[in-house]
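First, the structure itself, so that you have it in front of you.
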There are 2 protein chains.
Amino acid sequence: MKRPTLEAVAARAGVSRATVSRVVNGQATVTPEIRDAVIRAVNELGYVPNSAARSLVTQRTDSIALVVSEPPTRVFSEDPLFSTVIRTASRELEAADKQVVLMLAGNAQSHARVERYIAGGHVDGVMLISMHGADPLPAAITRMGVPVVSYGRPAVAVDLPYADNDNVGGAESAVRRLLDTGRRRIATIAGPLDMIAGQDRLTGYRNVLRDSDRRSIVAIGDFTRESGAVAMRQLLEDDPKLDAVFAANDLMAIGALQALRQAGRRVPDDVSIVGFDDIEAARYTEPPLTTMRHPIVEQATAMVRLLLTPPAERDRDQVILPTELVVRESG
Amino acid sequence: MKRPTLEAVAARAGVSRATVSRVVNGQATVTPEIRDAVIRAVNELGYVPNSAARSLVTQRTDSIALVVSEPPTRVFSEDPLFSTVIRTASRELEAADKQVVLMLAGNAQSHARVERYIAGGHVDGVMLISMHGADPLPAAITRMGVPVVSYGRPAVAVDLPYADNDNVGGAESAVRRLLDTGRRRIATIAGPLDMIAGQDRLTGYRNVLRDSDRRSIVAIGDFTRESGAVAMRQLLEDDPKLDAVFAANDLMAIGALQALRQAGRRVPDDVSIVGFDDIEAARYTEPPLTTMRHPIVEQATAMVRLLLTPPAERDRDQVILPTELVVRESG
């Protein structure tokens, strides 16, 4: 985990840090003796000179890392988010003759490996997807000087270009739809609260209920179908008289539909339900799901364009795409 | 595409190739003046010194490339082969503290990019999946001195460690099952013939029919469900009296079941069908599918172990896993 620093190389070679930088950059402004000493220290310590060394070896790798902070079981699951983002980013980057290098980092060890890999200068840029909590990667990559963008607003306070959809506004529209159709006891199945999409969609729900003087009824899932079913059963126990649910994504809404059916509740007669994302499966549920369309393809395209456009040439560093209510039969 | 060669660097610097190698390897056995001249030539030409440069920059990248020669739409599809191999390889490599770097190479440009990337020393080893036809990657990677293994026997004549299942023997068992249950006109839906799994499963079918004096009835698909349905309709036109089908994978068998139903044929009463792979969906078809179990997890595990074991310590360079007939209702 611990990598030798530039300082350590400078100390071993008996030269300044600036001299080490010049040597690993391949600049011919130091004496051959000093260059020798530095290269010997680099080799003895196994120093990884980041972008400096990268420019010695090759100017570009022509590859962009797509780092998904989820385990493989999540990425290759029924959730179409990841495959859609990967497909879209691959298509956009291939058009620019860049290779996508996909790395799944679902635990702390793989996070550390991915950080070392990027520090090693093996990619020209990084796209981050599905960040959780106080992820140290965005700040670490920014410090390395490697271009980095995020799919979705980062959960940490780091100045990172990103493309997102209007999670707060979308959740507000979903809950307003339930109010407008006469519902009075509106619960929510929130997403994981260490993710921005989880936090923001819950904020949208609370914003509308606060204005309307209704009370919050909240259960928390993890964006999987199973967690939606579990959360729905819990909500029915907490408030058997609830008459509507806003689920923070469609997969949880689908799980909730199943739990409602098992509990003998008719949808939408007894309980209305609105989801979020408009995945393809939302059209085929029984009844078909009313949901907020989350423009995944457009958001992934915007993320790639942010990465490929040099900062000085960008109109803006943040792209927020609107969501849209898709009315079907569930709510 | 064209990269400067070691020769070009040697010519520019006015030294021998061996001297260039020593310099980019960081050996201190050349004079400082010559070292300077070589490094200048390397930088001016943008030379990528492969593993030589890699050892200058860092001993290891702690990452292994998983190169899938398919477009993203195929990898993120209903075919569980890719996700199972990726999940299994990730788990096995994480246990060895290696990061999987996934690269999809579904066309010639991305093949060329992947080759450049591996030549750049950005990974410690390579696993190849889903090779088609005369793929130049295995030979190119072997020439670079980068360890490489294949999921499945390579279609090209290159000496590569690989793990495979017994495609010929499995197909023979499937066709023998159809003969043993009294079927007389046995067709096959073969896989793509630029892939070893496609070729070998067709060979198994022909081996058994040749021994039994029955004639071949062959249509060719591409391992997708749609292609299985198309091939089945074609077979029914070619020989309306056929009474059995061996499909070279389960997805094509599922497509064939659909086409048989649409043509008013009962399975297995009118037409028996046996698939290959035993994917999860094979249990839920109507009727449930008789198939050959292809041990995907074990094969992927064997591939990773081959890569992680140094050649001198390996028992063998090829692992062939047995297949197993799983009898359900379709045949």
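The values are calculated or read from the model by the stated rules, or taken from the named source; none is laboratory data. Just so we're clear, the structure is a prediction, and the values are computed from it rather than from any experiment. Don't worry about glycine lacking a Cβ; one is built from the backbone with ideal geometry, like all the others, and counts go over all protein chains shown.
Please verify whether segment A:78-95 includes one or more residues that are surrounded by fewer than 20 Cβ atoms within 10 Å (Cβ to Cβ), more than 9 Å from every other protein chain (Cβ to nearest Cβ) and over 27 Å from B:ASP79 (Cβ atoms).
Checked against the condition, which is being surrounded by fewer than 20 Cβ atoms within 10 Å (Cβ to Cβ), more than 9 Å from every other protein chain (Cβ to nearest Cβ) and over 27 Å from B:ASP79 (Cβ atoms), segment A:78-95 yields no hits at all.
Still on this structure, I have one more. Among the residues of segment A:316-331, how many are at pLDDT 95 or above, among the basic types (Lys, Arg) and within 21 Å of the chain's Cα centre (by Cα)?
0
What residue, among those in segment A:263-290 that are among the polar types (S, T, N, Q) and in contact (Cβ under 8 Å) with a residue 60 or more places away in the chain, is farthest from A:ALA163 (Cα to Cα)?
A:SER272
Quick one: what pairs do we get from segment A:86-104, first residue in contact (Cβ under 8 Å) with a residue 60 or more places away in the chain, second of a type in the set (A, V, I, L, M) and surrounded by fewer than 23 Cβ atoms within 10 Å (Cβ to Cβ), C-beta under 6 Å, 6+ apart or different chains?
That search, which allows pairs on different chains as well, returns A:THR88/A:VAL297; A:ALA96/A:LEU308.
Further question: Restricting attention to segment B:105-147, which residues are of a type in the set (Val, Ile, Thr), in contact (Cβ under 8 Å) with a residue 40 or more places away in the chain and either touching a Leu at 6+ places or on another chain (Cβ under 6 Å) or more than 7 Å from chain A (Cβ to nearest Cβ) (or both)?
B:ILE118, B:VAL123, B:VAL126, B:ILE129, B:VAL146
Answer yes or no: is there a residue in segment A:94-110 that is more than 30 Å from A:ASP250 (Cα to Cα), modelled with pLDDT of 85 or more and in a strand (DSSP E or B).
Checked segment A:94-110: at least one residue is more than 30 Å from A:ASP250 (Cα to Cα), modelled with pLDDT of 85 or more and in a strand (DSSP E or B).
Kindly provide the set of residues from segment B:71-115 that are under 17 Å from B:GLN299 (Cβ atoms) and among the charged types (D, E, K, R), ordered by number.
Hits for segment B:71-115 are B:ASP79, B:ARG87, B:ARG91, B:GLU92.
Which of the residues belonging to segment B:250-307 are modelled with pLDDT under 95, β-branched (Val, Ile, Thr) and over 29 Å from B:ALA65 (Cβ atoms)?
Residue satisfying the conditions is B:THR285 alone.
Hey, which of the helices (runs of 4 or more DSSP H) in segment A:1-67, taking only ones fully inside, have at least 3 residues that are at the interface with another protein chain (Cβ under 8 Å from one of its Cβ atoms) and either modelled with pLDDT under 65 or within 25 Å of B:THR31 (Cβ to Cβ) (or both)?
Helices (runs of 4 or more DSSP H) meeting the threshold: A:32-45, A:50-57.
Can you tell me which residue is nearest to A:ASP164 (Cα to Cα) among those in segment A:243-262 that are surrounded by 22 or more Cβ atoms within 10 Å (Cβ to Cβ) and in contact with a Lys or Arg (Cβ under 6 Å, 6 or more places away or on another chain)?
That would be A:ALA248.
Now for a separate question. Only residues that are touching a Gly at 6+ places or on another chain (Cβ under 9 Å) and touching a residue at least 60 places away in the same chain (Cβ under 8 Å): list them for segment A:292-302, please.
Listed by number, the residues that qualify are A:MET292, A:HIS294, A:GLN299.
Separate question: Within the bounds of segment B:175-195, is there any residue that is surrounded by 21 or more Cβ atoms within 10 Å (Cβ to Cβ), hydroxyl-bearing (Ser, Thr, Tyr) and either touching a His at 6+ places or on another chain (Cβ under 7 Å) or in a strand (DSSP E or B) (or both)?
Yes - at least one qualifying residue is present in segment B:175-195.
Moving on. Pick from segment B:143-162 the residues that are closer than 13 Å to B:LEU307 by Cβ and out of contact with any Ser or Thr (no Cβ under 8 Å at 6 or more places or on another chain): which of them is surrounded by the fewest Cβ atoms within 10 Å (Cβ to Cβ)?
The qualifying residue surrounded by the fewest Cβ atoms within 10 Å (Cβ to Cβ) is B:PRO147.
Residues being at the interface with chain B (Cβ under 9 Å from one of its Cβ atoms) and of a type outside the set (A, V, I, L, M): count how many of those fall in segment A:68-77.
Result for segment A:68-77: 5.
Among the residues of segment B:201-224, which ones are farther than 19 Å from B:THR181 by Cβ, modelled with pLDDT of 95 or more, of a type outside the set (A, V, I, L, M, F, W, C) and not in a loop (DSSP other than H, G, I, E, B)?
Result: B:ARG201, B:THR203, B:ARG206.
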